[in-house]
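Since the structure comes first, as structure tokens, the remarks are kept for the end.
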Amino acid sequence: MSGLAPQRVDGSVVQTSDLVLVRGLMDTRATLDAWKGRPWPVLARWFGGSLAITALLLLSVWLVATQSVPDQGTVTFPGLDGEPQLDQVWHVLERNSLVLALHGFACVAGFIAGSSLPLEAQQRSGAWRWVHDKAGPLAIAFVIGATAFSLVTQTLVLGQGAATLAAHLHISPALLLVGLLPHAVPELVALFLPLAAWMIASRQGDWHVLLAATVVTVVLAVPILIAAAFVEVFVSPGLLRALVG
């Protein structure tokens, strides 16, 4: 395949968008094959980046919690005020799946904006080329903005919740976070895997790997999130009670 212009194959015209899709799938398959041969360096970068984001988020949550006024209403935490239930695990998974989906879509959007749209733009002319040239950077800016909004929102919500729960248990926010670390760290690392992959690829200009990165990071994240949800519901309440006692 020497170019991406429309070509006639078996009597039918292959459109540019079809060829861009084929190129994207070829890049994804080649990327997965390359990672299969040497997976550990890639995984180390993803998990290292995700752990760094997690540490930064937890520090930010602690800072917000120390400056927040606790709510005076009823405090709810899975398994803390009653017997833990399996439906609470499902609730935690449902909440986390939305965040994982957002970060996964950020990866896909990065692939489209950084890899597919430039290929489409090469085959356009006039106003349509200008639109495709501008769409990529605008889409990337939107992804960055949406991701930043998600992180800030999570920090504020978690910080306020931590301040309220710490006041309810009569412990400091720092001690509360220590009790939550066994489930919070793996949970957040799993949630931020797609985001870490996006950041690493964008810095290196490797937009074409992001579709493969989305698939792999989500597959890795799901079992970690399931395990973390069970720890949050069935283990973390006992740790918090031990810290209070």
Probe 1.4 Å, all chains present, heavy atoms only: residue 63 accessible area in Å², nearest 10, is 80 Å²
Would you work out the relative contact order for the stretch 159-245, in percent, from Cα pairs under 8 angstrom that are 6 or more residues apart? 41 percent
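Sort 44-57, 70-83, 191-204 for me by packing, meaning the mean count of neighbouring Cβ atoms within 10 Å per residue, highest on top. Mind showing how you got there, number by number?
Numbers: 44-57: 16.7, 70-83: 13.4, 191-204: 22.4.
Descending mean neighbour count gives 191-204, 44-57, 70-83.
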Using the basic label-point model (7 angstrom from Cα toward the beta carbon), what is the residue 59 to residue 203 distance in nanometres? 1.5 nm
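So how do 159-166, 176-183 stack up, highest first, on mean other-Cβ count within 10 Å?
On the way: 159-166: 21.4, 176-183: 18.6.
By packing density, highest mean first, the sequence is 159-166, 176-183.
The values are calculated or read from the model by the stated rules, or taken from the named source; none is laboratory data. As the structure is a prediction and not an experimental result, all values here were calculated from the model. Cβ coordinates were reconstructed from backbone atoms using ideal geometry, including for glycine residues, and neighbour counts include every protein chain displayed. Each accessible area value is taken on the protein alone, full model and side chains, heavy atoms only, with ligands, DNA and RNA left out. Shrake-Rupley method; radii C 1.70, N 1.55, O 1.52, S 1.80 Å.
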